[in-house]
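This report refers to the structure that appears directly beneath it.
Any read-out appearing in this document is the output of simple, stated calculations on the displayed coordinates, not a laboratory observation. Note that the coordinates shown come from a computational prediction; the quantities given were computed from them, not determined experimentally. So basically every Cβ, Gly included, is an ideal-geometry build from the backbone, and we count neighbours across all protein chains shown.
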Amino acid sequence: MSHHIYNTKAFIINNFPSGEADSIIVMYTEEFGLISAIAKGLRDMKSKLRYSLQELSYGTVALVRGREFWRVTNAATEISLFNKALAPSFRNTLASILAFVKRFSPGEDRNIDIFESLKQISSFLFRFQKDISAEDTSIVVLVTELRIMYSLGYIKNISTNKNILTESYTLENIKSWNLEVEAIKKMINEAVNISHL
């Protein structure tokens, strides 16, 4: 019996050992939202996928839906945050955002707004990692968290300029977002309390 193979873009959040040589991969995918999948034999030294499913990487993943679990059949990395050219602060920022997504996402539920936010902030930080200050980075994280909580329905009313939900990540926009930091923090904190997560 053949199984349908689904190809989707994905951010790899966690990679946990399972059994002798398998791994459980937690990822946020473009097509299915937050899922966990088994990668058979991934920890075997001969595995062709071991470098394609590292934590904090982005690429294409091929999946088969099993009776109980998804299974990874192939993967190709486009961006690895373990690249030595990337600043540690950049990796830490993306790790923090992905952990936030994992915490509040309801599981397998496609949400293209969240996926696009992850792509945009990754691209922005990758491009401007040497030009952006720690303060500006924290503002970018706050705006991303706001967008995630709004997309998930934890925030119903925006008390700031609603354009903040759709504006591009640019150095110029960060300056305007900085004027609304306190309001953004308040909305996020209220949403976290509502979620009970």
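Other residues lying with their Cβ under 14 Å from the Cβ of Phe104 contribute a combined charge of -1, Lys and Arg counting +1, Asp and Glu -1.
Taken along the Cα-to-beta-carbon direction at a fixed 7 Å, the label points for Gln120 and Lys185 span 2.4 nm. Along the axis of the charge dipole computed for the chain (Cβ charges of +1 for Lys and Arg, -1 for Asp and Glu, origin at the Cα centre), the listed residues Ile24, Asn189, Ser117 are led at the positive end by Ile24. Note on Thr8 and Val192: the model spin-label points, each 7 Å out from Cα along the C-beta direction, lie 2.7 nm apart. If the chain linking Glu20 and Asn92 were pulled fully straight, counting 0.36 nm for each residue of separation and taking away their Cα-Cα distance, it would gain 23.0 nm.
Taking GluC sites (Glu not before Pro) across the range 12-43, the ones in a DSSP loop with at most 12 further Cβ atoms lying within 10 angstrom of their Cβ are Glu20. The range 35-55 and the range 133-197 have Cα centres lying 35 Å from one another. Candidate cross-link partners of Lys156 among the lysines, defined by an alpha-carbon separation under 16 Å and a same-chain spacing of 8 or more, comprise Lys185, Lys186.
Panel values: the range 5-80, Kirkwood radius from alpha carbon pairs, Stokes-Einstein at 37 °C and 0.692 mPa s, translational diffusion coefficient 276 µm²/s.
The packing ranking of peptides 160-168, 118-126, highest mean first, is 118-126, 160-168, where packing means the average number of other beta carbon atoms within 10 angstrom of each residue.
Where only DSSP H runs of four or more residues are counted, the chain gives -12500 deg cm²/dmol as its mean residue ellipticity at 222 nm, each run worth -39500 (n - 2.57).
Taking a ≥ b ≥ c as the square roots of the eigenvalues of the Cα gyration tensor, an a/c ratio of 1.5 or more together with a/b no larger than b/c marks the range 88-195 as oblate. Computed with the Debye formula from one identical point scatterer per Cα of the chain, without solvent, the log10 of I(q)/I(0) at q = 0.19 Å⁻¹ comes to -1.31.
When the pairs Lys102/Lys162; Lys48/Lys119; Lys119/Lys175; Lys46/Lys102 are compared against a 28 Å limit on Cα-Cα distance, Lys46/Lys102 fall above it. Taking a span of 20 Å or more along the helix axis (Cα atoms) and a mean Kyte-Doolittle hydropathy of at least -0.5 as the rule, the DSSP H helices of the chain that qualify are 88-104, 112-128, 134-151, 181-195.
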